[in-house]
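The numbers here are math on the coordinates, done by the rules we state, and not lab data. Bear in mind that the values here come from a model prediction, so they are computed numbers and not experimental data. Glycine gets a Cβ as well: all are built from the backbone with ideal geometry, and neighbour counts include every protein chain shown.
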């Protein structure tokens, strides 16, 4: 059954018409036809099963039949990642959605090579990943910022765990076990790692802690995925509601 993220409200009493983008996907890519069933979610109203009433080139009408899963709380987990090459940052965005991140924040560090970030493309990858992995929300893509500015406006109630490739941090799983429950962020540096002055700055912040992922130096995208996987394993959202 096709599963789609939509922006429209989902309710049994509301008529629903999907626009050209969804119509093209359903009619041309998936060869869907009237009478087929589809699953829809919007990040607010849970997941709904609907029946396609009419499938055209520019619009699709859907009759919502029943809510299959209620909306549920998900971890408040940000991933701050220095932009890297296109294919690799796309992979990070995709896996961040699959591994439960609530937001992706591209941050420019001293050694970041890339100077631009296509946030629209990253958002599209996250939508597709959310549709496929059956989560009920799509992570936000925050406006890219310099690391210094991001830290200057930081809410101290959100713990920040930065991956310290120099080996100065305790194992990530150990630190997670010691932290109280609450909003969390993971910071991953660029290919060349954090500059010394950035590491000094981070070490002075009361809300930041260095963490490690083991004895090997990992690629930036590998480190981001590994860190999110550990967070998911230790503090993830395990109580998924069954689909009705």
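A few points about this structure:
- Semi-axis lengths, Å, the stretch 52-194, gyration tensor of Cα atoms, sqrt of 5 times eigenvalues: 32, 20, 13
- Taking the DSSP beta bridges with both ends in the chain, the antiparallel portion is around 35 percent.
- Orientation-averaged projected area, Cα convex hull of the stretch 1-52 (nm²): 3.4 nm²
- Using a simple spin-label model with pseudo-atoms 7 Å out from Cα toward Cβ, residue 128 and residue 191 lie 2.3 nm apart.
- As a calculated quantity, the FRET efficiency between residue 53 and residue 204 at R0 = 41 Å, using C-beta atoms, amounts to about 0.10.
- Cα-Cα pairs of the chain separated by more than 25 Å (percent): 47 percent
- Grouping the Cα pair distances of the stretch 112-179 into 5 Å bins from zero gives a pair-distance distribution of 3, 11, 14, 15, 19, 23, 13, 1 percent in increasing distance order.
- In nm, spacing of pseudo-spin labels at residue 86 and residue 178 (7 Å Cα→C-beta vector): 4.3 nm
- Residue 140/residue 33 FRET efficiency (R0 41 Å; Cβ-Cβ; nearest 0.05): 0.75
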